[in-house]
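The values are calculated or read from the model by the stated rules, or taken from the named source; none is laboratory data. What you see is a predicted model; the values in this text were computed from it and never measured. So basically every Cβ, Gly included, is an ideal-geometry build from the backbone, and we count neighbours across all protein chains shown. Just so you know, the surface numbers come from the protein's heavy atoms only, side chains and all, with ligands and any DNA or RNA stripped out. Shrake-Rupley method; radii C 1.70, N 1.55, O 1.52, S 1.80 Å.
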Amino acid sequence: FFFDILSIFVMSSLARPVIVSFKRTAIAPFNGSLSSVTAPSLASATISSQLESLKEASSGSFTAESIADVTLGNVVSAGIGQAPARQAWKGAGGHNGGQCTTVNKVCASGMKAAMYAAQNIMLGSGPQLAGGFESMSKIPHYLPAMRTGSKLGPATALDGIIHDGLWDVYNNQHMGMCGEKCAEDYGITREDQDNYAIESYRRANAAIEAGKFKNEIAPVTVKGRRGDTIVDTDSEPGNFNVDKMSSLRAAFKKENGTVTAANASSLNDGAASLVMMSEADAEAYNLKPIARILGFGDAEQAPEDFTTAPALAVPKALAQAGLSASDVDFHEINEAFSVVALANIKLLNLDPAKVNVNGGAVALGHPIGCSGARILGTLINVLEQNDASIGCASICNGGGGASALLLERL
């Protein structure tokens, strides 16, 4: 209790971080419309869009040179080239003095980047750029034996997506098996998960049809032999076929498995970024903040129980902000699997009608380095669209962890 009070006092005495801009790319399917674009270039698209709009909004006073630090999440950096965050920044026309850091906290990378940016602001740093990006389509296969040579027999290629992105190294199993454990631990059935997924897709498609994501998305121009293609709409939700849902086999556990390709998130490409600064800097640049960061927190438990770590991180964020659970109007919980959202709704005693109201990662997709930042921006829009004040975003990550962040709409 003492440390909670101390945390609130310290938070109130530091500079208050605000978000002045959020943009993301449309989320594209694996080997889909964005597969030819490098991961840093996806982030460059959102960053350049933000820099341009903020320069105009500030009557030219806010430029790329105003950014002090760039902190971007990326999970599987193999084959991208050195300093992925730096590539994204320079690709958007960023200046040489921008200090760039790439963060890897698995699926929570994009949110952790925003938390680091908030801490920089609280300690007196200038405007920050934070977010995350991933091109799962461009993650390579590895040939480990090539370094020393394969002496006899075939050489096996490792899929970088699974090896570095989706594998529980502590128990030598796919993270989907952790989803199965979660289902068993909390009595969540295949039917529960399928019904949740159907609702996620319904909400996402309704949101797309109503244009609720339009102001989030920075269009990406993809060059091709037959001319340029503009990618500006999430395409994963439109691929859903409810008639096939019940007939799908379990993806990870052969006997009595409950997690399927349809009730889990998919492999995707995308990027998301936020421009953050102190309230004083926002006033100096004549920029209107869209949200204030109230508090944040991380939590860890056994690697195989990463699925429910958000239920530990959210109370930490609430304590830091000096808020109670009843103060939160809407939640965004990253849907790594349907069972993740269902379990954390249960553990946190949430109203499902207030969670992922525009659909979640099961329907929209989950570019792993991007999602933590994506749900922050989506949460801001949800608060605006529903005339609400306080929102909480949370996301689990491989290794047993999770991050959570509380926002106030301004």
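Summary of computed values
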| quantity | calculated |
| --- | --- |
| Test set (1) among the small types (Gly, Ala, Ser); (2) in contact with a Pro (Cβ under 9 Å, 6 or more places away or on another chain); (3) open to solvent by less than 20 Å² (accessible area, probe 1.4 Å) - residue 273 fails condition number | (2) |
| Selected residue [of a type outside the set (S, T, N, Q) and closer than 19 Å to residue 113 by Cα] from 282, 313 | 313 |
| Members of region 198-250 that are open to solvent by 40 Å² or more (accessible area, probe 1.4 Å), part of a helix (DSSP H, G or I) and among the acidic types (Asp, Glu) | 199, 209, 243 |
| Matching residues in region 102-124 - criterion: being open to solvent by 40 Å² or more (accessible area, probe 1.4 Å) and under 20 Å from residue 18 (Cα atoms) | 116, 119, 120, 123, 124 |
| Residues (buried (at least 23 other Cβ atoms within 10 Å of the Cβ) and more than 17 Å from the chain's Cα centre (by Cα)) located in region 52-71 | 62, 67 |
| Hits in region 11-34 - residues which are out of contact with any strand residue (DSSP E or B) (no Cβ under 8 Å at 6 or more places or on another chain) and modelled with pLDDT under 95 | 12, 13, 14 |
